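Structure first, then comments.
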Amino acid sequence: MTDHEITLTVDGTTEELTVESRTLLVHALRDELGYTGPNVGCETSKCGACTVRLDGDAVKSCTVLAVQADGSEVTTAGGLADGTDLHPIQTAFHEEHGLQCGYCTPGMVMTASELLENDPDPDREAIRTGLKGNVCRCTGYQNIVDAIETAADDLAESGTTTQQTCGGDQS
Ligand code: FES
Ligand code: FES
């Protein structure tokens with residue numbers, strides 16, 4: 001098995017690690033580096049629980065090899081918060097009860113962050129279309145759509161970016 005030395009910038013922190021050729025990005029993030037935002041659901045690109053932003057794009061991190069991400073900037077759901085202050089998208093999921101077990105939530109939040117970046121004022125159909133790749137077993141989606149509508153309003157009012165990270169130097 002061939003090992004590779006790679007560097008990732010995760011939630012503003014530069015991380016150097018050694019991975020095998022076969023290591024998936026989600027496993028590098030969770031198992032090697034301890035970033036528990038991306039969850040492992042299906043490992044077959046169906047559920048979206050593992051979604052992160054990779055150089056700005058929302059991607060399912062079970063579909064990317066860690067070596068492919070070498071040199072990239074990764075934002076996980078944990079990196080959206082500003083210290084203990086939740087990002088408006090995270091707050092909206094909390095206030096609108098957009099989660100039950102929470103397993104899908106980090107992926108939903110990261111998909112929403114890209115969705116709202118590309119379309120800051122989506123209607124409910126656009127939100128549902130944007131969430132097509134993310135599966136929730138618990139909520140029926142209604143409150144998730146409510147949360148993203150609320151987040152869009154809050155982001156517009158606050159001027160917060162959808163990729164704001166906390167404390168991390170993103171320059
Ligand atoms: S774990 Fe990646 S899409 Fe399900
Ligand atoms: S809140 Fe349980 S899977 Fe979505």
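The values are calculated or read from the model by the stated rules, or taken from the named source; none is laboratory data. Remember, it's a predicted structure, so these values are computed and weren't measured experimentally. No Cβ is skipped: glycine too gets one built from the backbone with ideal geometry, and neighbour counts run over all protein chains shown. Note: accessible area is taken over every heavy atom of the protein model, side chains too, but ligands, DNA and RNA are not part of it. Shrake-Rupley method; radii C 1.70, N 1.55, O 1.52, S 1.80 Å.
Using protein chains only and a probe of 1.4 angstrom, how many square angstrom of LYS60 are accessible, to the nearest 10?
Rounded to the nearest 10, that gives 50 Å².
When only C-alpha pairs under 8 Å and at least 6 residues apart count, what is the relative contact order of segment 18-143, in percent?
Once divided by the residue count of segment 18-143, the mean separation gives 27 percent.
Largest first and to the nearest Å, give the Cα extent of the chain along each principal axis.
Its Cα atoms span 47, 34, 25 Å along the three principal axes.
What length, rounded to one decimal in nm, is gained on full extension from ARG22 through to THR63, with 0.36 nm per residue of separation minus their alpha-carbon distance?
Extra length from ARG22 to THR63 when fully extended: 13.6 nm.
What residues have an amide H closer than 5 Å to that of THR139, excluding those fewer than 5 places away on the same chain, when H is modeled at 1.01 Å from N in the peptide plane?
none
Please list the non-local residues whose amide H lies under 5 Å from the amide H of LEU24, H modeled 1.01 Å from N, same-chain partners needing a gap of 5 or more.
ALA66
With everything on Cα atoms, drop me the angle between helix 105-118 and the longest principal axis of the chain, reported from 0 to 90° to the nearest 10.
70 degrees
Stretched out fully, how many nm does the piece from THR91 to THR7 gain, at 0.36 nm a residue minus the Cα gap?
Separation in residues times 0.36 nm, less the Cα-Cα distance, equals 27.1 nm.
If you count only protein heavy atoms with a 1.4 Å probe, what accessible area per residue comes out for the chain, rounded to a whole Å²?
Spelled out: the 1.4 Å probe surface of the chain, per residue, equals 48 Å².
Rounding to the nearest 20 debye, state how big the charge dipole of the chain is about its Cα centre with +1 on each Lys and Arg Cβ and -1 on each Asp and Glu Cβ.
800 debye
In terms of modelled amide H atoms, which long-range or inter-chain residues lie less than 5 Å from the amide H of SER72?
Placed amide hydrogens put THR9 under 5 Å from SER72.
Whenever you get a sec, compute what percent of the accessible area on segment 19-163 sits on carbon and sulfur atoms (1.4 Å probe).
Here carbon and sulfur together make up 45 percent of the probe-accessible area.
Accessible surface of SER113 in the full protein assembly, 1.4 angstrom probe, to the nearest 10 Å²?
That residue has around 0 Å² of solvent-accessible surface.
Just the Kirkwood number for segment 58-106, please: inverse of mean 1/r across all distinct Cα pairs, in Å, one decimal.
With all distinct Cα pairs of segment 58-106 included, I get 12.7 Å.
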